[in-house]
Structure formats: C-alpha cells, structure tokens
Amino acid sequence: MTNEEHQKVIDELQVVSDDIQATLKRFEDTGKNEKMPADYDKLLVILDETIKQQREHTKAMLSN
C-alpha cells in the first residue's frame with residue numbers, strides 16, 4: 001500500500017473509533033453498560049481492534 005492508502009485507512013478507522021466511543025458514552029449515560037454488559041464489552045473489543053489496526057497502518061507508513 002502507498003502512504004496515501006494507509007492514511008485513508010487510518011482516517012476511516014478514526015471515524016469508526018469516534019463512532020464507537022460516542023456509542024460507549026451513550027451506553028454509560030443511559031446505564032446500558034450495566035443493563036447490557038455483553039454488548040458493552042463487544043463494543044470495547046471492536047474499539048480495541050480498531051485502534052490496533054490504526055497502529056499497524058501507522059507503522060507500515062513509517063517504515064516506507
């Protein structure tokens with residue numbers, strides 16, 4: 001991938017990350033994190049994976 005392609009993926013993953021964080025906040029604000037802990041945990045796993053993917057694309061960009 002080119003640096004531009006990596007950056008595009010990083011930017012798109014940031015949008016996903018921001019959306020997940022907003023959803024997590026809504027969960028917390030409404031108490032759904034306690035009522036729906038399995039769903040809350042799944043969101044955390046998805047967020048973690050999104051951040052890991054961003055990091056991998058950043059590393060790939062820096063190694064070019």
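This table checks each residue for (1) out of contact with any His (no Cβ under 8 Å at 6 or more places or on another chain); (2) modelled with pLDDT under 95; (3) not in a helix (DSSP H, G or I).
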| residue | (1), (2), (3) |
| --- | --- |
| H6 | no, no, no |
| L13 | no, no, no |
| S17 | yes, no, no |
| I20 | yes, no, no |
| D29 | yes, no, no |
| D41 | yes, no, no |
| L44 | yes, no, no |
| R55 | yes, no, no |
| M61 | no, yes, no |
| query | Looking only at the range 35-64, which residues are farther than 19 Å from H6 by Cα and basic (K, R)? | reply | K35, K42
| Pick from the range 8-64 the residues that are within 14 Å of the chain's Cα centre (by Cα) and of a type in the set (G, A, S): which of them is surrounded by the fewest Cβ atoms within 10 Å (Cβ to Cβ)? | A22
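The values are calculated or read from the model by the stated rules, or taken from the named source; none is laboratory data. All values reported here derive from a predicted model rather than from experimental measurement. When we count neighbours, we look across all protein chains shown, and the Cβ atoms used for this are built from the backbone with ideal geometry, even at glycine.
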